[in-house]
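One structure is given below, encoded as structure tokens.
The values are calculated or read from the model by the stated rules, or taken from the named source; none is laboratory data. What you see is a predicted model, and the numbers here were worked out from it, not measured in a lab. Glycine also receives a Cβ, built like all others from the backbone with ideal geometry; neighbour counts cover every protein chain displayed.
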Amino acid sequence: MKVKYKNDIAVIGTGRFGSAVIDQLIKLGKNILVIDKNEEEAKNYSDEVQRVVIADAADMRALKGIRIDQMETVVVAVSDNIEIVAALLELNVKNIIARAKSERHARVLKQIGVSVIIRPEHEAGTRAALIAANNNFINYTENLFEFESNYVIGTTKLKNVDLTLRPIRELKLTEHGISIVLIKRNGSAHMATASGYLEINDSITIIGNISDVTTSLKWFNQEQEETNQVETQ
């Protein structure tokens, strides 16, 4: 099989994690090769992706046959994947993203040469704990992810009208320990600029340490009545 596009992405495995990866790649308009030894599961994507291959991804001959080494990135979405990853490494696949089911598994993958390792259950559990332990996250955030120890990225709706009256640079966000990385308005997303303005109901994605993001979420969501009460106290 001739690979048309060097930036094709292969996804091995169509379980819950693999399906989530495939669905997002479809939304992003990527060229996708789906590989699974379960024909019934894999064929669910036959009308949605460029190619579907029914094969054992640990089979070196099968991988050579589909020219997996021509792929820009391969996502190994199955949890029992050491043999698959070893085969991909032997074929000199450039970028491998592999799922790990435990910390020990992640260490093994790293030791054999995998640069990007995902632990979906661990990351989901961490996120749930952060939200459960903090009322501001429960009340105000739409999405929350921990990307480094004690640092999070979260999205919230702007309700504080006082933050819409001046350029973003004048809000002195760095003094609050946060940065705005993305603004979504009327269905369209754009990067925040120092000279730009915020508008009520903007969806704002912010980054910072947990305590600063916690405080800022409440600040962004202060309604006018609350703001006036603070000013008169």
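Worth pointing out:
- Taking (1) within 26 Å of the chain's Cα centre (by Cα); (2) touching a residue at least 24 places away in the same chain (Cβ under 8 Å); (3) crowded, with 17+ Cβ neighbours inside 10 Å; (4) under 22 Å from I118 (Cβ atoms) in turn, A87 satisfies each apart from (1).
- Cβ pairs under 7 Å, 6+ apart, first in the stretch 169-192 and of a type in the set (A, V, I, L, M), second part of a helix (DSSP H, G or I): L171/L163; I178/D212; I178/V213; I178/S216; I180/I168; I180/L173; A192/I168
- Annotation: of all residues in the stretch 103-128 being touching an Asp or Glu at 6+ places or on another chain (Cβ under 9 Å) and of a type outside the set (K, R), the one that is farthest from K184 (Cα to Cα) is H122.
- Count of residues meeting criterion [under 25 Å from the mean Cα position of the chain (by Cα), more than 14 Å from D8 (Cα to Cα) and crowded, with 18+ Cβ neighbours inside 10 Å] in the stretch 38-71: 3
- Any hit, the stretch 162-185, residues being over 21 Å from G208 (Cβ atoms) and out of contact with any helix residue (DSSP H, G or I) (no Cβ under 7 Å at 6 or more places or on another chain): yes
- Tally of residues being assigned to a strand (DSSP E or B), of a type outside the set (S, T, Y) and either surrounded by 18 or more Cβ atoms within 10 Å (Cβ to Cβ) or modelled with pLDDT under 90 (or both) across the stretch 190-208: 4
- Flag if K157 is exposed (fewer than 14 other Cβ atoms within 10 Å of the Cβ), more than 19 Å from the chain's Cα centre (by Cα), at pLDDT below 95 and of a type in the set (D, E, K, R): no
- Some residue of the stretch 62-75 being farther than 28 Å from V34 by Cα, modelled with pLDDT under 90 and not in a helix (DSSP H, G or I): no
- Residues of the stretch 109-131 classified as surrounded by 15 or more Cβ atoms within 10 Å (Cβ to Cβ) and more than 18 Å from the chain's Cα centre (by Cα), total: 2
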